[in-house]
1. Working out 0.36 nm times the residue gap between ALA117 and ILE71, then minus their Cα-Cα distance, what length gain in nm do you get to one decimal?
2. Taking the Cα-to-Cβ direction at LYS6 and at SER63 and moving 7 Å from each Cα, how far apart do the two end points lie in nm?
3. In µm²/s, what is D for region 1-59 at 20 °C and 1.002 mPa s, where D = kT/(6 pi eta Rh) by Stokes-Einstein and Rh is the Kirkwood radius from Cα pairs?
4. If you plug each phi of region 19-27 into the Karplus form 6.51 cos²θ - 1.76 cosθ + 1.60 with θ = phi - 60°, what whole-Hz ³J(HN,Hα) values come out, in order, with x for Gly and Pro?
5. Would you mind telling me the share, in percent, of accessible area of region 1-77 contributed by carbon and sulfur at probe 1.4 angstrom?
6. Per residue, how large is the accessible surface of region 21-67? Use a 1.4 angstrom probe and give square angstrom.
7. Considering amide H positions built from the backbone, and no H for Pro or chain starts, which residues 5 or more places from ASN96, or on another chain, come under 5 Å of its amide H?
8. Output ³J(HN,Hα) for region 99-105: one whole-Hz value per residue in order, computed from phi by the Karplus curve 6.51 cos²θ - 1.76 cosθ + 1.60 with θ = phi - 60°, and x for Gly and Pro.
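The values are calculated or read from the model by the stated rules, or taken from the named source; none is laboratory data. These numbers were taken from a predicted model, which means no experiment stands behind them. In this analysis, Cβ positions are derived from the backbone assuming ideal geometry, glycine residues included, and neighbour counts consider all displayed protein chains. Only protein heavy atoms, including side chains, enter the accessible area calculation; ligands, DNA and RNA are left aside. Shrake-Rupley method; radii C 1.70, N 1.55, O 1.52, S 1.80 Å.
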Amino acid sequence: MNVTEKVSYIKGLAEGLGIDDSTKEGKVLAAIIDVLDDIAHDLEDIDDELNDVADVMTDVEESLCMLEDDIYGDEDDCCCDDCEDMYEITCPACDNSITVDYDVISSGSITCPNCGANLEPDLSGLDDEVEEPEQE
């Protein structure tokens, strides 16, 4: 359950309990719930904008990597050697995109940082070239 849903639940509880907003206490609770609702919507907007920024940063990193490859001609010198081992997962519950490395994705279970849903990525589509790190 995300923050907006939790605030909606609290609103429903307040309405269900019949909190009278003509009383001093009722006015305070109604104002607190309104502020929580505003904060929840602002957080949702910030999360959307942050996802957009993350997408742009990923695009910039990939473009820089391709540019360095064109200039230096050797993929081994690429600034983002680790970007080849990064995977993007979309949460089916909230459509939030998460970028994780091979170690995280191979752990079998990931918690969505946006909504808290438990994600179990399908590893069958990974390239055969990806090798697990050697155990020392």
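1. Working: separation 46, 0.36 × 46 = 16.56 nm, distance 4.24 nm.
Length gained between ALA117 and ILE71: 12.3 nm.
2. 3.7 nm
3. It comes out at roughly 164 µm²/s.
4. Listing the rounded values in order: 5, 7, 7, 8, 8, 4, 5, x, 5 Hz.
5. The C+S portion of the solvent-accessible surface of region 1-77 is 58 percent.
6. 77 Å²
7. CYS91
8. Whole-Hz 3J(HN,Hα) from phi for region 99-105: 9, 10, 8, 4, 4, 5, 5.
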